[in-house]
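Student: Provided herewith is a single structure, encoded as structure tokens, for subsequent inquiry.
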Amino acid sequence: MSAQKVTNAAKTAISKSKIYKKVMMVPPKHFDVIHKGLNAHMKLSEPVDKVKAMKQWESLRTTFNNLGLETEICRPVPGLVDMVFSANSALVLNNKALIAKMAAEPRRAESEHFANWFRERGFEVEELEKIGKVHMFCEGNAEFSPTYDLSSYFYGFGQRTSESAYELVLDFFGLSKSDVFKVRLIDDRFYHLDVSLAPLSLGHVIFYPGAFEADSVKRIYDALGGRDKAIELTLEEALQFSCNCVSFISGEGEAVVVAPKFSDRLRNILQELGYKCVEIDYDQFLLSGGAVRCSVVDIAQQRDP
């Protein structure tokens, strides 16, 4: 394919990209790792350097702002040590927010604060706690990932999100089953969709196949119309949280991917496809099993009827 054709294809994709125009973040003022076993990566034996954590978070936000990704802030609440991972706050689409109900019990108190934040900004808000069944959980946008143009979505379940919440998600957002592909997570190291799969802003998707059951891998390819737009990660790359990235179109019109780590292989693939790779040191948050995409929720997705 000629360079001109690649350029034209990229321009078309850029014009269609609708992900990560504005995000909500929570400063890690109260961040710590004190809860045992919320995911397979948590390290209680290594204390969090809270000064370093704040600097890493501020560096991430500054990077986003400098590249043209708008950020809004939700005030942290004392005692809610994981609130920095705002991807779990809600599922958000078309100025509607379905507030998460956490399977992780220590995090459930976050929900009322996130609900108030969205209401104060004019979102139509519903709370899964109020409309779902007792043992029905859904951990926000961490389990609800769109393709770059919002034409399709992936709904992750099987670890900390219930398959049974799928129908409520469809009803609340007015989506059909053909719009939203259910994918089952089968490895507890990949406990959310956002550590297993990521949409990129030129239409590609990176994912680790081993995180999913075989039928779900097929659904991912079906959603993408085949394998051309799929980038499969190795286990090593996936365990570096490379899927926990944020990809968007910068203010300069560049396709950007911000991640905690890129292998040389993945960096070369993405750069060949036209992406600018930005690596952020986020090791303090990895102590809790979270990274870049865990720290944001996309609040400006507008899907055409």
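Student: Local charge sum around GLY122 (other residues, Cβ-Cβ under 14 Å, Lys/Arg +1, Asp/Glu -1)?
Tutor: Spelling it out: positives minus negatives among the neighbours equals +1.
Student: While we're here: Just to check, using Stokes-Einstein with a Kirkwood Rh over alpha carbon pairs, what's the diffusion coefficient of the stretch 147-275 at 20 °C and 1.002 mPa s in µm²/s?
Tutor: Estimated via Stokes-Einstein, D reaches 142 µm²/s.
Student: Could I ask something else about it? Could the peptides 82-91, 95-104 be put in order, highest first, of the mean number of other beta-carbon atoms found within 10 Å of their residues?
Tutor: 82-91, 95-104
Student: Can you give me the three principal axis dimensions of the stretch 202-262 from its C-alpha atoms, in Å, biggest first?
Tutor: Cα spread of the stretch 202-262 along its principal axes, largest to smallest: 39, 26, 13 Å.
Student: Over the chain, what relative contact order in percent results from Cα pairs under 8 Å that are six or more residues apart?
Tutor: Relative contact order here is 25 percent.
Student: Based on the mean of other beta carbon atoms within 10 Å per residue, what is the order of 113-120, 130-137, most packed first?
Tutor: Peptide ranking by packing, descending: 113-120, 130-137.
Student: I'd like the antiparallel share, as a percent to the nearest 5, of DSSP beta bridges with both residues in the stretch 58-142.
Tutor: 55 percent
Student: Return the Rg/Rh value of the stretch 13-68, two decimal places, where both radii are evaluated on C-alpha atoms and Rh is the Kirkwood radius.
Tutor: Rg/Rh: 1.11.
Student: Something else: Whose amide H sits under 5 Å from the amide H of ILE206, counting only residues 5 or more places off or on another chain, with H placed in the peptide plane?
Tutor: ALA198, LEU200, ILE231
Student: Over the chain, what is the percentage of antiparallel beta bridges among all DSSP beta bridges, to the nearest 5?
Tutor: Restricted to the chain, the bridges split so that about 45 percent are antiparallel.
Student: Still on this structure, I have one more. Among [x] 1.12; [y] 1.43; [z] 0.93, which is the computed Rg/Rh (Cα atoms, Kirkwood Rh)?
Tutor: Read-out from the structure maps to [z].
Student: Note down the relative contact order for the stretch 1-114 as a percent, whole number, built from C-alpha pairs under 8 angstrom at least six residues apart.
Tutor: 29 percent
Student: If you plug each phi of the stretch 176-186 into the Karplus form 6.51 cos²θ - 1.76 cosθ + 1.60 with θ = phi - 60°, what whole-Hz ³J(HN,Hα) values come out, in order, with x for Gly and Pro?
Tutor: 9, 4, 6, 7, 10, 8, 6, 9, 8, 8, 10
Student: What is the magnitude of the charge dipole of the chain about its Cα centre, with +1 placed on the Cβ of each Lys and Arg, -1 on the Cβ of each Asp and Glu, and no other charges, expressed in debye to the nearest 20?
Tutor: Approximately 300 debye in magnitude.
Student: Rounded to the nearest percent, how much of the accessible area of the chain (1.4 Å probe, protein heavy atoms only) is carbon and sulfur?
Tutor: 48 percent
The values are calculated or read from the model by the stated rules, or taken from the named source; none is laboratory data. Bear in mind that the values here come from a model prediction, so they are computed numbers and not experimental data. Note that we place each Cβ from the backbone using ideal geometry, even for glycine, and neighbour counts take in every protein chain shown. Areas reflect the complete protein model, heavy atoms only, side chains present, ligands, DNA and RNA absent. Shrake-Rupley method; radii C 1.70, N 1.55, O 1.52, S 1.80 Å.
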